[in-house]
1. Under the rule a/c < 1.5 gives rounded, and otherwise a/b versus b/c splits prolate from oblate, where does segment 71-115 land using the Cα gyration tensor?
2. Enumerate the amide H contacts of residue 44 below 5 Å, restricted to partners 5 or more residues apart or on another chain; note that Pro and chain-start residues carry no placed amide H.
3. So what is the relative contact order for the chain, in percent, with contacts set as C-alpha pairs under 8 Å and at least six apart?
4. Angle between the Cα long axis of helix 198-214 and the longest principal axis of the chain, 0 to 90 degrees, nearest 10?
5. For residue 37, what is the net charge nearby, where nearby means another residue's Cβ is under 13 Å from its Cβ and Lys, Arg count +1, Asp, Glu -1?
6. Can you bin segment 1-115 into rounded, prolate or oblate? Criterion: square roots of the alpha carbon gyration tensor eigenvalues sorted a ≥ b ≥ c, rounded for a/c under 1.5, prolate for a/b above b/c, oblate for the rest.
7. Find the lysine pairs in the chain meeting two conditions, Cα atoms under 20 Å apart and a separation of 8 or more places or different chains, and report how many there are.
8. Quick one: net charge around residue 58, please, counting Lys, Arg +1 and Asp, Glu -1 for every other residue with C-beta under 13 Å from its C-beta.
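Derivation of every value follows stated rules applied to the coordinates shown; laboratory data play no part. A quick note: this is a predicted structure, and the numbers were derived from the prediction, not measured. When we count neighbours, we look across all protein chains shown, and the Cβ atoms used for this are built from the backbone with ideal geometry, even at glycine.
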Amino acid sequence: MDGAHINWMISSIHEELLPKLQIQSVDPKNPVSVHFVPKPWRLVGTGNYAAVVYHPDYPDQVVKIYAPGRPGFEEEVEVYRRLGSHPSFSECLYASDGFLVLKRLHGVTLYDCVHLGLRIPQQVIKDIDQALDYARRRGLHPHDVHGRNVMMHKGRGLVVDVSDFLHEETCSKWNDLKRAYYWLYRPLLTPLRLRVPYYVLDIIRRSYRLWHSLASRYLGF
Ligand SMILES: Nc1ncnc2c1ncn2[C@@H]1O[C@H](COP(=O)(O)OP(=O)(O)O)[C@@H](O)[C@H]1O
Ligand SMILES: [Mg+2]
């Protein structure tokens, strides 16, 4: 993206997007609520901190906007600075005032793959493992790597959300996801070609969180 284009995009973000966009973080443990996205911007996805949108004239970039009151914007900018350029990660092209312009990753989150019944090859898991090793070599701590934060594109793995990679405490989510992939997904879901409805995925997500908080409180891990 050349300088003129990015300037156009940034003025459009300030003049058309930010004044009208309505996002709210109702509960920090669940994705933000997006009440309104001004035309022609379109919603790409939501996370617990932010909403991600794109403009049809700039289909290779997305804008990630932090919900008011949600922390982490400066940290995410710093993580992208340390990551530099790597095929499994996005790149930050511009950041200010609680929003980041990121290279768009075209892909489907692994969470949506399970929902849609798309087969996830092992290469995807290996790519993500290698990407996380690369991040560690750059002095980062992969954190919060779960099914909505990783994607599959043309059979390769991508890491879409790096916002918590400065947090030093260990996070077992990626190892747990890998365990579920090798013990449940490959032997059971793949041969049956099962699609898992969103409400079941949501029950799994909530049970996982409950199990984790109980295990850390009562069993010490
Ligand atoms: N660079 C990107 N390219 C394409 N889609 C993205 C990109 N960044 C985020 N998304 C989409 O937006 C969703 C929310 O973004 P994410 O960075 O995970 O937000 P949060 O930090 O709030 O969890 C992701 O699950 C993904 O679907
Ligand atoms: Mg996320």
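1. prolate
2. 52, 53, 54
3. 14 percent
4. The helix 198-214 is inclined about 70 degrees to the chain.
5. Neighbourhood net charge equals +2.
6. Since a/c stays below 1.5, the shape of segment 1-115 is classed as rounded.
7. Lysine pairs satisfying the spacing and distance rule in the chain number 11.
8. Computed value for this residue: -1.
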